[in-house]
Amino acid sequence: MPERKYWIGFNIVKGIGPAKVRALLDALGDLGSAWRASPDELRAAGIDRRALDTLLAARASLDLDAEEARVADAGITVLTWDDAEYPRRLREIPNSPPVLYVRGLLSEADEWALAVVGTRRASPYGREVARELVTALAASKITIVSGLARGIDAIAHQAALDAGGRTIAVLGSGLDMIYPSEHRRLAEAIAESGALVSDYALGTPPESGNFPPRNRIISGLSLGALVVEAGEVSGALITADVALEQGKPVFAVPGNILARSSRGTNRLIQQGAKPVLGAEDILEELNLTMVVEHAEARATLPVSETEIKLLNHLSVEPIHVDSLRALAGLPIAEVSSALAMMELKGMVRQVGGMNYILAREKGAVYLVE
């Protein structure tokens, strides 16, 4: 994509975040035009004085062709809002990152992903629970998303790898600045069978202020968030809060009420998070008990015109098959047959009495022109 270097350029400029990138696209059409725009045009697009000064200085000093080559030489893929490969779930969250740097490979299998986070000072109990849960989730073909931090994050990544599953690590630094440094070997293993992801440009150090914002990506890539162990003040709780803001379920492992490392998770449960006693609690809540079958069905069975018509009348609110038939204007036999196939694909779920709901979001995965 010829425009990619401009996306990289704007991503390097401090003070130009998702909202300003969207404003530039709306006002000027594309980021190439925005990069070349006059100061008056940039001000008219909503760029404030401070960001404008930073941008003008960057334009004078950055060699965008060299920056793009630097990324390619590092074996890193750049995904932007304009790319079909940009993760669908992440695209749908507020303030989704305009640019993602990816080392490794994001896969359609990552459509079924769970964030697993927790304290850096994991207890023996927390370590064992994390390994057990992630091993079972990975065996069920769930991609594990975490932050490569010490403690629960690293245990979750390693357990997924040991189980032969996929895992994604979201960094709070450039992909050439692995942090903590002792996790470089783990990062290499993740990149080989999953992906390292960051919205920070190459060369960005792991500064403390980078980590809270990256948590929106951890939860944004996932169907929900599991907090294994966390104190009363923990980055893992930020991920849980962000997941709730994104409308995603939060799961928590109950712990000893006297243990500091369990105060955060116990508090989450008290506030409404689903307590987890085994992986099946998560799989059932997220309707992920048949991920393998759903993936195989979706890979081999295309979306039909009948399914498209039915999807347009389905939501998270139950609807009876007779009402669905009337709305779609289709014979009952055709509707029943299509619903059976859609259940196999994991698209809809019967909730009793021949009432159906969408099992997942209605989006580009299902709807075709």
Original post:
Within the bounds of region 109-121, is there any residue that is in a loop (DSSP other than H, G, I, E, B), modelled with pLDDT of 95 or more and either assigned by TED's automatic domain parsing to the domain that holds Ile16 or among the hydrophobic types (A, V, I, L, M, F, W, C) (or both)?
Top reply: no
Original post:
Out of all the residues in region 311-321, is one or more under 25 Å from Ala113 (Cα atoms), at pLDDT below 90 and assigned to a helix (DSSP H, G or I)?
Top reply: yes
Original post:
Based on what the data block shows, is Ala236 in contact with a strand residue (DSSP E or B) (Cβ under 6 Å, 6 or more places away or on another chain), surrounded by fewer than 21 Cβ atoms within 10 Å (Cβ to Cβ) and part of a helix (DSSP H, G or I)?
Top reply: no
Original post:
Do any residues in region 155-183 that are modelled with pLDDT of 95 or more have Cβ atoms under 6 Å from those of residues that are among the aromatic types (Phe, Trp, Tyr) and in a helix (DSSP H, G or I), where the two are at least six apart or on different chains, and which pairs are they?
Top reply: Gly172/Phe211
**OP:** Within region 75-100, track down each residue that is surrounded by fewer than 20 Cβ atoms within 10 Å (Cβ to Cβ) and among the polar types (S, T, N, Q).
**Re:** Thr77, Asn95, Ser96
Original post:
Taking region 243-289 on its own, how many of its residues are in contact with a strand residue (DSSP E or B) (Cβ under 8 Å, 6 or more places away or on another chain), in contact (Cβ under 8 Å) with a residue 60 or more places away in the chain and not in a helix (DSSP H, G or I)?
Top reply: 4
Original post:
All but one of (1) in a helix (DSSP H, G or I); (2) at pLDDT below 75 hold for Tyr366; which doesn't?
Top reply: (1)
Original post:
Where residues in region 186-233 are acidic (Asp, Glu), over 18 Å from Pro254 (Cα atoms) and touching a residue at least 60 places away in the same chain (Cβ under 8 Å), which of them is surrounded by the fewest Cβ atoms within 10 Å (Cβ to Cβ)?
Top reply: Glu192
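What about Glu207, is it out of contact with any His (no Cβ under 6 Å at 6 or more places or on another chain), over 15 Å from Ala74 (Cα atoms) and at pLDDT below 95?
Working: out of contact with any His (no Cβ under 6 Å at 6 or more places or on another chain): yes; over 15 Å from Ala74 (Cα atoms): yes; at pLDDT below 95: yes.
Spelling it out, Glu207 is indeed out of contact with any His (no Cβ under 6 Å at 6 or more places or on another chain), over 15 Å from Ala74 (Cα atoms) and at pLDDT below 95.
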Subject >> Those residues of region 302-329 which are farther than 14 Å from Met347 by Cβ, surrounded by 15 or more Cβ atoms within 10 Å (Cβ to Cβ) and within 28 Å of the chain's Cα centre (by Cα), in sequence order >> reply: Pro318
**OP:** For Glu68, state whether it is without any contact (Cβ under 8 Å) to a residue 40 or more places away in the chain and either more than 26 Å from Arg166 (Cα to Cα) or assigned by TED's automatic domain parsing to the domain that holds Ala201 (or both).
**Re:** no
Original post:
So which residues in region 211-240 are of a type in the set (Ser, Thr, Tyr) and under 11 Å from the mean Cα position of the chain (by Cα)?
Top reply: Ser219, Ser222
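The values are calculated or read from the model by the stated rules, or taken from the named source; none is laboratory data. Keep in mind that this is a model prediction, so the values were computed, not measured. Backbone-built Cβ (ideal geometry, glycine too); neighbour counts: all protein chains shown.
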